[in-house]
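The values are calculated or read from the model by the stated rules, or taken from the named source; none is laboratory data. All figures in this text were calculated on a predicted structure; none of them were measured in a lab. Here the Cβ positions follow ideal geometry from the backbone for every residue, glycine too, while neighbour counts run over all protein chains shown. The area values use the complete protein model at the heavy-atom level, side chains included, leaving out ligands, DNA and RNA. Shrake-Rupley method; radii C 1.70, N 1.55, O 1.52, S 1.80 Å.
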Amino acid sequence: MDATTHKAVRDLRRQAPQVLAVAVTIMLGVALYIATAGAFRNLGGSYAYTYDRLHFADLVATGGDTGAVAAAARSAGAAAVTARTQIDPPLLVAGTKLIGRVVGLPAGSRPAVDDVDVRSGDYLSPSAADAVLLERHAAETFGLGVGDHLQVFAAGAWHTVTVRGVVESAEYLWPARSRQEVISDPYAFAVLFAPQTTVARWAGSGPNQTLAELPAAASAQRSDAVAQAMRDAGAVDVTPRADQPSNAALREDLNGFNELSVAFPLLFLSAAAVAAYVLLARRVLAERPIIGALMASGARRGRLVRHYLLQGLLIGLIGAAAGVVLGVLATSVVTRGYTAALGIPDTIVARHLDLTLTGLAFGAVVGLLGAAAPALTAARTVPAEAMRNATQSRPPGAWSRLVARLHRLPVSGRMALRDVFRSRRRTAATMLGTVLALILVLASAGMLTSMTNALHLQFSRIQRADATVTADAQVSGTDRRLRTLSGVAAIEPARAGQVSAVKGNDSYPTTLNSFVPDTTMHGFRSVNGGWISLPSDGVLAGASLADMLHVSVGDTITLATAHGDTPVRLAGLLDEPMGTAIYADNDLAARVLPDPTTATYLVRFADGADRDAMRRQITQLPGVLAYVDSHALTRSLDQYLGLFWAFIVVMIALGAILALAVIYVTMAVNVVERTNELATLRTAGVPLRRVAGTLATENLVATALGVPLGLVLGVIAARGFLASFSSDLFRFELHLDWWVLPAAAVGVLLAAALSQWPAARAVRRMDIARVVRERAA
């Protein structure tokens, strides 16, 4: 080891606590990057493997002559095509009434597209016309297995069927009923797969869906061509895989997670670069006499630059190496935890060498960037001036003169306040560490409180009904029986159906919900934040529809169904956290949607009503076919956002560690930089408590000066990160509870205060005699 390298290692060992703090910050940033980026790739690979294994459809066409649509898809280049019947009838499952879904499959042979994976039991058989396959989520929710029975209401009667097998389906990796209902009451939705002939008999018609799988690695142009061919052949709507409800929901969650997985590690690495800069810049200042002597003895400037760059590189590589090990271990944990939480059938855990090399490179670059400015400063040192061990002092300014007049303050207090602006670099470094800590903490806490507020807004002020009841339209008196139940405060008739909003060549499949004109069961929040009523001559829609169809308020759009097209006026845009639905009054919906065979009622309970008891009472009423508990949606949403909640909690914890690490480095280096000054005070007999108090006052004032800027930038960062989760499925606005900003500010100040303890300890252990000898030399 040459002398320069030996000195670099020795210097790092002499400031081991500060070096360790910087290395830990780099380690966290690198580990976070590798774990999250690796998990994102693994999860994408897990989805892709399941989709390929089960031949998940690339395009799903609804309506039209399925034979003609299938032929058009094949001629346009589809690799495999199949037709099937799908219906959404009422089900009676384990004593619970709900609106489910029954999908037709060929009995005795597997479908060419959208196959299922039988987890227990057997596949459908032509000899068992009353047998069905039950999708896994429903089986787990209701505790059903092979041999259990349930009922399907179709063709005007209840039909008892037997569970022949429990299956996984690529269509329902996440059990989403539609793109606007990706989150639902788990007891209000179940999927069955039955023989195609049985489903067609229940529906009273032939196939109503055409599924197409494209060749592997098909281009976007090929996909568009097949989709257009299916539309030209008469399909009412064609949904690509990207918009399939389950896939869209999972991708939305995963893509938001991926964006956060890049942004948060960058914050850690930026903080690490700042900490490394502070550490090495202060060392250069403290070693100016040594640097001057070396240069006077003939040392080349390039060697000095390499010496300090080497220190930064070593710090970066130490932190990055530890981060790589931690990140690789965490990748597997995050991947398996996510797939287990959502029940993804296939888990692919791969090692990503490029991420490991990138992580090491990040550490090296961060260390070098932190050392670059101090290294150049060292190379520009003037030997004669440096060897005099004196620096050009800044003449007293207006602030110093003002502080000097504050005679009521003790001398130590006046010294601390004077030094805040006298040593601007030291103050700026402390402020920058404060700002970075606040950005990370507020970005995490802001997203957490914003999500919580969005859930409260959606399920308390927008969706005001406690339950949705579906009844047989042929059975009269259901509304009267609901009103007479103890615990029911109000009911309203409503309607809902699937439509495609069309404008020119743009279309968007969504749900049309209708209410009575003066409904109290649903609130309509406009994009300007006010609350509006249902229009009598048009529809309201989620704000994202304007971007999807390139329309604005006042334009005419078409609502298309299998029964025809209806032009309507877009009367207003809504700001809702979940979904992009369309709303109208019941009269307009009656013109758009086909005549219903069921009646829908929105129910609000009296205060204190037992929700479980209400479910039991209502589902036992004559004519009631299904029941949905609105509050149960929040439990499903918590499961859906499980990765997000875990990520944010971890970020808040790591943000606190970052704040402590950066502020600790800054405070500790301040002590090293002011060694001569502090030793002089101790030699003059100034008590340790007063010296430590002077130092603490200066540091805390500098920290407090950085708080306002940190709060502003933290709010901006939180708003930017929250936008990564916004789409037509979710629309989130930044909401900070009243306590968030004060708590963040107090937390950073407490971190600074805690960092004064090691600083005071360093002052106490200072070797005054050695400092005096070095200064005299």
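Some notes on this structure:
- Separation of alpha-carbon centers, region 1-62 and region 495-555, rounded to whole Å: 43
- Across the chain, the mean sequence separation of Cα contacts (distance under 8 Å, 6 or more residues apart), normalised by length, yields a relative contact order of 18 percent.
- Nearest-ten-degree value, helix 642-673 long axis tilted from longest Cα axis of the chain: 10
- Spin-label pair L688-D88: with each label point 7 Å from Cα along the Cα-Cβ axis, the two points sit 7.4 nm from one another.
- Anisotropy class of region 206-251 from Cα gyration tensor, a/c 1.5 cut: oblate
- Candidates A276, L621, P517 compared by Cα position along the dipole of the chain: farthest toward the positive end lies A276, with charges placed on Cβ.
- Distance from the C-alpha centroid of region 245-275 to that of region 93-146: 37 Å, rounded to the whole angstrom.
- Förster-model FRET efficiency, 45 Å R0, R483 and W645, C-beta, rounded to 0.05: 0.70
- The per residue volume of the convex hull around the alpha-carbon atoms of region 70-125 is 112 Å³.
- Surface analysis of the chain yields an accessible area of 42 Å² per residue, using protein heavy atoms and a 1.4 Å probe.
- Nearest-ten-degree value, helix 424-456 long axis tilted from longest Cα axis of the chain: 20
- Taking Lys and Arg as +1 and Asp and Glu as -1, the other residues whose beta-carbon sits under 14 Å from that of V69 total 0.
- Solvent-free Debye scattering, log10 I(q)/I(0), computed from the Cα coordinates of the chain at q = 0.08 Å⁻¹: -0.78
- The length gained by stretching the chain between R591 and R222 to full extension, at 0.36 nm per residue less their Cα-Cα distance, is 129.2 nm.
- Note on region 130-185: Cα Rg divided by 2.2 N^0.38 Å, N the number of residues, gives 1.23.
- Farthest toward positive dipole pole in the chain [+1 Lys/Arg, -1 Asp/Glu at C-beta], among L313, G100, N505: L313
- For the chain, the carbon plus sulfur part of the accessible surface works out to 58%, probe radius 1.4 Å.
- Considering every alpha-carbon pair of region 537-635, the percent of pairs per 5 Å bin, from zero through the bin containing the longest distance, is 2, 10, 17, 16, 15, 14, 14, 8, 5, 0.
- Relative contact order (%) - criterion: Cα under 8 Å, at least six apart; region: region 532-582: 48
- Cα gyration tensor, region 276-385 - rounded (a/c under 1.5), prolate or oblate: prolate
- Three-way shape call for region 34-174 based on the alpha-carbon gyration tensor, with the a/c threshold at 1.5: oblate
- Taking 0.36 nm per residue of separation and subtracting the current Cα-Cα distance, fully stretching the chain between D737 and A299 would add 151.9 nm.
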